[in-house]
């Protein structure tokens, strides 16, 4: 009976993992355009729409941040108005 050495163990692992790695890379096909013109055109359109969605999400986030800032400024102005009204009320009482 042979002793299992590191060399044999690594060889065995590579034999098991290589088909898995190759099949995953073939199945995913990421980043590769098809040879069929209709499929390639549709892939380009999908990529363009994904970029549009990302841009819209970015703009939505920016608008949300502007809305929060405007609300904070409004609250600060209302608070300042209330303080000024209280100060004017106290001055008129004296």
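Residue 77 fails exactly one of the following numbered conditions: (1) at pLDDT 95 or above; (2) at positive phi. What is the number of that condition? Residue 77 satisfies all of (1) at pLDDT 95 or above; (2) at positive phi except (2).
Residue 4: surrounded by 10 or more Cβ atoms within 10 Å (Cβ to Cβ), at pLDDT below 75 and over 31 Å from the mean Cα position of the chain (by Cα), yes or no? Answer is no for this residue.
Just a yes or no: is a residue in the range 67-86 surrounded by 10 or more Cβ atoms within 10 Å (Cβ to Cβ) and under 30 Å from residue 34 (Cβ atoms)? No, there is no match, as no residue in the range 67-86 is surrounded by 10 or more Cβ atoms within 10 Å (Cβ to Cβ) and under 30 Å from residue 34 (Cβ atoms).
The values are calculated or read from the model by the stated rules, or taken from the named source; none is laboratory data. Worth saying up front: this structure is predicted, and the values here are computed from it rather than measured. Using ideal geometry, Cβ is built from the backbone for each residue, glycine included, and neighbour counts are taken over all protein chains shown.
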